[in-house]
1. Pull out a ≥ b ≥ c, the square roots of the eigenvalues of the alpha-carbon gyration tensor of region B:1-88, then state rounded if a/c is under 1.5, prolate if not and a/b is larger than b/c, and oblate in the remaining case.
2. What residue among B:V103, B:V160, B:V188 shows peak mean-square fluctuation when chain B is described by a Gaussian network model with Cα springs under 10 Å?
3. Quick one: what do you get for region A:112-160 if you divide its Cα Rg by 2.2 N^0.38 Å?
4. Please list the non-local residues whose amide H lies under 5 Å from the amide H of A:V113, H modeled 1.01 Å from N, same-chain partners needing a gap of 5 or more.
5. Calculate one ³J(HN,Hα) per residue across region B:151-156 by plugging θ = phi - 60° into the Karplus curve 6.51 cos²θ - 1.76 cosθ + 1.60, and present them in order as whole Hz with x for glycine and proline.
6. Given the pairs A:K73/A:K217; A:K81/A:K163; A:K42/A:K81; A:K42/A:K129, which span a C-alpha to C-alpha distance of over 28 angstrom in this model?
7. Note the per residue figure in Å³ for the convex hull of the C-alpha positions in the protein assembly as shown.
8. For a quick check: with amide H placed at 1.01 Å from N, whose amide H comes under 5 Å from A:F139's, ignoring anything fewer than 5 positions away on the same chain?
Amino acid sequence: MTLALALRGSNGLVLGTDSRVTSVQLQPNGQPQQVTRDTSEKFLQVNRDIGVLTYGLAEPGYSGISRLVEQAKRERYPSYKEIETAAQGIFQAEFTAWTQAQPQPGAAATGVVGFILAGYDSVLTNQFKVTSFQSSSTFQPQEIINPTFLAAQFHIAQYLSGKLARPEMTVDQLTQLAVFLMLETMSTEITVGGPIQLATVTIRNGFRRVSEEEIDKLLEICQAKTRAFRRLLLELYTEGLST
Amino acid sequence: MAVVGAILSARDGILVAADAPNEASGANNDTIQQINPRTACYLYGPESRPVLDAYLAAANPVPVGPLDTVQSLSQYLAAHPPTQRVGFAIAGLQPNEVNAKSVQELVWTGQTVNLVQFPGNLMLGAHSVARYLNDRMYGFNSSLELAKQQAAFLLGETRVTLQTVRPHIVMATIDRANGFLWVSDDAVSQLIDRAYERSCRLQLRCVDLF
């Protein structure tokens, strides 16, 4: 699993994922064992203003985003809409090819993989756009209008963003929030972990990956936020003690 | 429909709580069942109930404490393998042992019986949010009264995120003086209101965090 997120602020978008891949391997005694690696690349830049990220099954996910990037470069799609249309066909084709290569294609077809396409549509609408594609709905594009979109192992992050996110937040504030959501989810869910991958999309800078150094600084900022939030929870608890 | 539950150990007993439809009341619920005067069982899924009922009908005599129940149910499942995967979380107080609380999970995987012992608190079902909050807020040394408030808060906050979680809550306590007791509907309603108030207070205090 993964935590994948797209947060919409007053001046742009923040996209993020973790980098953990979880698989099941058979031990010598025949018992299945969960194995994790923190090396997965889950999002890529499509063009100046648009990025794509994936969650769920690692293999068709990565091949889907790689092929979209290659095709978008080759075809020079002029608008978000055209990339969105191409993405649906590519994701479906990659998923079908992957399922057919599996020992049990029928069972593999029930696997979950999803994609988030997000960026600034500078041609048709002049708006920041977020689109979700999921294997469970044959990768039909679903436009996301909510300020917060979270996928895969989303429950804790959704709970926290419900408490903490506000529509007027800026991209700078949202990058901090994204790191906080990742950290808090990682602290509870073992299938979410590893280095955090983040990017922002603004009108001025387009799609920009947040560097490792910047993420290190955000992690330090978030330590204080984590402490403050835990203090709030404990205050609530101790108020129960005194009544 | 999602189901979420919590078993919380307190210094004076154990609390078992689960979400429920609005019409549920005490024993009239689909998730928690009393096994004996000191033991409760949380059922993992509707298919677990007929298996438990068949076990209780066959058990002679019905075990008196949670450890005996787990052992006897485990043997029953091995001897009468269910056709589907079923699971039970069994919590209670051991008779004749002061402060001996027991929380164990028993799952029939389709081939074997898996038994896991928990130190006292166990989040059940769609438990991510409840587990996240409980790990940060709750220990093992509070009173049963506080455990009730905590369980109502955990289940209410889970419902904020998973709107398929059912709106009502059923709760039962097990303590040494009274044994197994359902928490009354009026008391549960007050706990739900109070949990909502705590949730709003938390939201208010979070405004300046980012």
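Readers should treat all values here as calculations from the given coordinates under stated rules, not as data from a laboratory. Quick caveat, the model's predicted, so the values are computed rather than measured. Every residue, glycine among them, receives a Cβ derived from its backbone with ideal geometry; neighbour counts consider all protein chains shown.
1. Note, shape of region B:1-88 comes out oblate.
2. Highest fluctuation of the listed residues: B:V160.
3. Rounded to two decimals, the normalised Rg is 1.27.
4. For A:V113, whose amide H was placed from the backbone, the distant partners under 5 Å are A:L57, A:S135, A:S136.
5. Each residue of region B:151-156 in turn: 5, 5, 5, 4, 5, x Hz.
6. With Cα atoms farther than 28 Å apart: A:K73/A:K217; A:K81/A:K163.
7. 162 Å³
8. Here A:Q134 satisfy the definition.
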